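Visitor: I have a structure I would like to understand better, so I am pasting it below and will then ask my questions one at a time.
The values are calculated or read from the model by the stated rules, or taken from the named source; none is laboratory data. Because the structure is a prediction, the values reported are computed rather than measured. Using ideal geometry, Cβ is built from the backbone for each residue, glycine included, and neighbour counts are taken over all protein chains shown.
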Amino acid sequence: MTQAPGRSRSAAPEKPGTRPALSHRLAERGIDRLLLLLVPALLFALVLFVYPFVYGLGLSFQPREGGLFGAYVKFFTDPSMRGLESIWITLKLAVPAAVFNVAASIPIAYKMRGKFRGKRALTTVLVIPITLGTVLTAEGLLNFFGQRGWLNRFLEIFGFGPLDLVQNYWGVLWSLIISGFPFAFLLILSYLSGIDPSLEAAAQTLGADWKQRFRKITLPLLAPGLAITFCLTFVLAFSVFPSAILVGDPSGSTRVIAYVAYNAWGQQFDYPLASAAAIVMGAVELLVIILVLLWRSRMYKGSTGGKG
């Protein structure tokens with residue numbers, strides 16, 4: 001028989017019951033060669049995050065004495081550790097700093113989401129503290145708020161002062177606000193810019209004033225962004241360590257949990273105890289984040305109505 005026109009010899013139909021090639025079956029499940037691009041990122045996460053966490057967690061259950069949970073018992077019960085007090089001090093620093101940064105960023109970002117002259121320059125000024133670093137920020141606070149700083153010298157002219165604004169709780173709080181505000185501002189500005197302005201315009205045509213528009217439209221749509229921003233700024237503030245030493249009082253009012261872990265590692269050379277303190281630190285952070293995300297779930301759950 002002659003071959004039908006336009007029919008290739010190699011295009012023979014597959015026999016019934018023949019399984020497709022492995023690459024075809026994997027492609028149907030969304031697995032292809034592009035996933036190999038994830039290998040460097042996975043290795044990076046395993047080496048720098050997963051392995052240290054697993055190693056530290058295992059090390060925390062190998063104390064010098066006291067059994068399996070001896071390091072954790074010592075952290076919470078040893079008077080020299082002041083574990084519970086360090087957790088409370090760290091929360092007193094991290095929560096107010098995160099709340100202030102988020103709350104202060106909302107009105108500024110709300111006004112700056114539109115286009116106006118000087119917006120780029122003003123944004124640059126607001127995010128400059130990102131480039132300063134903890135040490136430079138601490139040096140600036142000491143020079144301005146210190147006992148012989150510019151502010152106290154100015155107050156002496158009028159017979160006031162000196163004010164104790166550094167080397168204590170307030171010094172660390174100022175440092176956390178200065179370093180954390182740019183992150184909160186940029187995140188909230190990006191979330192606000194993604195909310196469709198036509199939603200507020202429609203509400204305005206129905207007679208809603210700016211307070212009603214913000215409370216009924218903008219705030220529910222912004223709630224997921226506020227939750228994520230708070231979590232990130234809280235974690236950044238909760239891990240405070242250099243500021244607690246440079247502009248705080250690490251042996252007293254700013255004995256944060258990170259300093260307790262460092263003290264156990266660098267001075268007592270008790271690595272299981274230091275690991276236990278670090279694990280407790282992570283557990284407290286996770287608990288606060290869960291509470292914030294539960295609050296977010298009670299707010300609006302839809303999309304933010306981006307401008308596309």
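Visitor: Only one of these conditions is not met by Gln167: (1) in a helix (DSSP H, G or I); (2) in contact (Cβ under 8 Å) with a residue 40 or more places away in the chain; (3) out of contact with any Gly (no Cβ under 6 Å at 6 or more places or on another chain). Which number is it?
Guide: Only one criterion in (1) in a helix (DSSP H, G or I); (2) in contact (Cβ under 8 Å) with a residue 40 or more places away in the chain; (3) out of contact with any Gly (no Cβ under 6 Å at 6 or more places or on another chain) is unmet by Gln167, namely (1).
Visitor: Moving on to the next point. Against the definition (surrounded by fewer than 19 Cβ atoms within 10 Å (Cβ to Cβ) and under 17 Å from Arg113 (Cβ atoms)), how does Ser198 come out, yes or no?
Guide: Working: surrounded by fewer than 19 Cβ atoms within 10 Å (Cβ to Cβ): yes; under 17 Å from Arg113 (Cβ atoms): yes.
It is true that Ser198 is surrounded by fewer than 19 Cβ atoms within 10 Å (Cβ to Cβ) and under 17 Å from Arg113 (Cβ atoms).
Visitor: Name the residues in region 122-151 that are of a type in the set (Gly, Ala, Ser) and outside any helix (DSSP H, G or I), would you?
Guide: Applying the first criterion (of a type in the set (Gly, Ala, Ser)) to region 122-151 yields 133, 138, 140, 146, 149.
Those that are of a type in the set (Gly, Ala, Ser) and outside any helix (DSSP H, G or I): Gly146, Gly149.
Visitor: Within the set of pairs 6 or more residues apart or between chains, which connect a residue that is among the basic types (Lys, Arg) inside region 196-214 to a residue that is surrounded by 13 or more Cβ atoms within 10 Å (Cβ to Cβ) and assigned to a helix (DSSP H, G or I) with Cβ atoms less than 6 Å apart?
Guide: Listed by first residue and then by second, the contacts come to Arg213/Glu200; Arg213/Ala203.
Visitor: Looking only at region 268-301, count how many residues are without any contact (Cβ under 8 Å) to a residue 60 or more places away in the chain and basic (Lys, Arg).
Guide: Final tally of qualifying residues: 2.
Visitor: Let me ask another. Among the residues of region 130-148, how many are within 32 Å of the chain's Cα centre (by Cα) and over 20 Å from Val240 (Cβ atoms)? Give the steps one after another, and end with the answer.
Guide: Within region 130-148, the subset within 32 Å of the chain's Cα centre (by Cα) is 130-146.
From the residues that got through so far, the ones that are over 20 Å from Val240 (Cβ atoms) too are 143.
The total comes to 1.
Visitor: Only one of these is modelled with pLDDT under 90, of a type in the set (Phe, Trp, Tyr), outside any loop (DSSP other than H, G, I, E, B) and loosely packed, with under 15 Cβ neighbours inside 10 Å: Phe154, Phe116, Phe160. Name it.
Guide: Working: Phe116 fails: outside any loop (DSSP other than H, G, I, E, B); Phe160 fails: outside any loop (DSSP other than H, G, I, E, B).
The unique qualifying residue is Phe154.
Visitor: Another question about this same structure. Using the structure shown, decide if Val102 is more than 29 Å from Ser251 (Cα to Cα) and either in contact (Cβ under 8 Å) with a residue 60 or more places away in the chain or outside any helix (DSSP H, G or I) (or both). Give the steps one after another, and end with the answer.
Guide: Numbers: more than 29 Å from Ser251 (Cα to Cα): yes; either in contact (Cβ under 8 Å) with a residue 60 or more places away in the chain or outside any helix (DSSP H, G or I) (or both): yes.
Judged against the criteria, Val102 is a match.
Visitor: Would you mind stating whether Phe238 is within 14 Å of Leu93 (Cα to Cα), of a type outside the set (A, V, I, L, M) and at pLDDT 90 or above?
Guide: Details: within 14 Å of Leu93 (Cα to Cα): yes; of a type outside the set (A, V, I, L, M): yes; at pLDDT 90 or above: yes.
Judged against the criteria, Phe238 is a match.
Visitor: Assess whether Leu186 counts as being surrounded by fewer than 18 Cβ atoms within 10 Å (Cβ to Cβ), in a helix (DSSP H, G or I) and not polar (S, T, N, Q).
Guide: Details: surrounded by fewer than 18 Cβ atoms within 10 Å (Cβ to Cβ): yes; in a helix (DSSP H, G or I): yes; not polar (S, T, N, Q): yes.
In short, yes.
Visitor: In region 212-259, what residues are buried (at least 20 other Cβ atoms within 10 Å of the Cβ), farther than 18 Å from Gln167 by Cα and either out of contact with any Leu (no Cβ under 9 Å at 6 or more places or on another chain) or small (Gly, Ala, Ser) (or both)?
Guide: Answer for region 212-259, where residues must be buried (at least 20 other Cβ atoms within 10 Å of the Cβ), farther than 18 Å from Gln167 by Cα and either out of contact with any Leu (no Cβ under 9 Å at 6 or more places or on another chain) or small (Gly, Ala, Ser) (or both): Gly225, Phe230, Phe234.
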